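Reading through the structure tokens given below for one structure.
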Amino acid sequence: MIHFQEIDGRKIACWVNNGSFLPDRKTLVFIHGAGWDHTSWIQQYTSLKNAFNIAAIDLPGHGRSEGPGEQEVPAYVEWVKKILEGLGIKKPVLIGSSLGAAICLSFVIRYGDAAAAVVPVGGGVKMTVNPMILEGLKQDPAAVIGMAVKFSVAKQNRERFSSLITDSLSRVNPEIIHGDFSACNRLDITEAIAGISIPALVVCGAEDKMTPPALSQFIRDHIAGARLALIEGAGHFVMLENPEAFNTTLTDFVNSLP
């Protein structure tokens, strides 16, 4: 169900399990990528809701959350902190895709063991965005969205997912997407990543062209004890393209945590 809370004068939405969170279950918090909302995780929260406490966040300006978006990853980190506090969530497993991966990693770098574990999906310590894309979002957002969709899913999955992704991104104010991409472009946690000491599962679609597997391999190599899962038959939207493999990989990792 959708839960609303007011934070700093804005109504912020999250998908959460029906009823109260159960104290004997681990809690998963999902954070979407640039221009998306909680529905990017629909294959996860509908499949895993009976096994875990789940919150899938709509960042400010996205989905059903009010207000403008942000231009910097650290600003989104502070929103996530306030959202978790408002929901009474402590020590969750943070799972984030793309921009969400940057937010998750940056949250853990700043707040340490406030999370039980972190799962960056299709992320990187730097996520440089071509200046032509940033400018194109101002001049011709539909063309940029079309190009982004083409490179976001594995070739064999384009017919199945292109319309879904295009429709989702087209519903968002282009200024929000521009802000999200700008936040990615400013990201640089190359040095700070080594300070993460909680369990980490790094996930990437084996055919990801937006954030290639080499970026995830770098994250794995620079977090002590981190695991890497490359999901076959999937690109940047691995959680939608191959949800069965993604959910199994995530569940096995979470169940291995103390």
Only one of these is more than 30 Å from SER65 (Cα to Cα) and buried (at least 19 other Cβ atoms within 10 Å of the Cβ): ILE189, ILE193, ILE177, ILE223. Name it.
ILE223
What about SER168, is it outside any helix (DSSP H, G or I), over 19 Å from PRO212 (Cα atoms) and touching a Gly at 6+ places or on another chain (Cβ under 9 Å)?
no
Looking at ALA214, ALA234 in this structure, which one is more than 20 Å from ASN53 (Cα to Cα) and either at pLDDT below 95 or buried (at least 17 other Cβ atoms within 10 Å of the Cβ) (or both)?
ALA234
Which fully enclosed strands (runs of 3 or more DSSP E) of region 1-42 have 2 or more residues being modelled with pLDDT of 95 or more and surrounded by fewer than 22 Cβ atoms within 10 Å (Cβ to Cβ)?
2-7, 10-16
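Which count do you get for residues in region 182-218 that are farther than 19 Å from MET239 by Cα and in contact (Cβ under 8 Å) with a residue 24 or more places away in the chain? Step through it out loud before you land on a result.
Filtering region 182-218 for residues farther than 19 Å from MET239 by Cα gives 182-199, 218.
Cutting the leftovers down to in contact (Cβ under 8 Å) with a residue 24 or more places away in the chain gives us 182-190, 192-199, 218.
So the answer is 18.
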Give the residues of region 91-129 that are surrounded by fewer than 24 Cβ atoms within 10 Å (Cβ to Cβ) and either under 9 Å from the mean Cα position of the chain (by Cα) or among the charged types (D, E, K, R) (or both), sorted by residue number.
LYS91, ARG110, ASP113, LYS126
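The values are calculated or read from the model by the stated rules, or taken from the named source; none is laboratory data. All figures in this text were calculated on a predicted structure; none of them were measured in a lab. We place every Cβ from the backbone using ideal geometry, glycine too, and count neighbours over all the protein chains shown.
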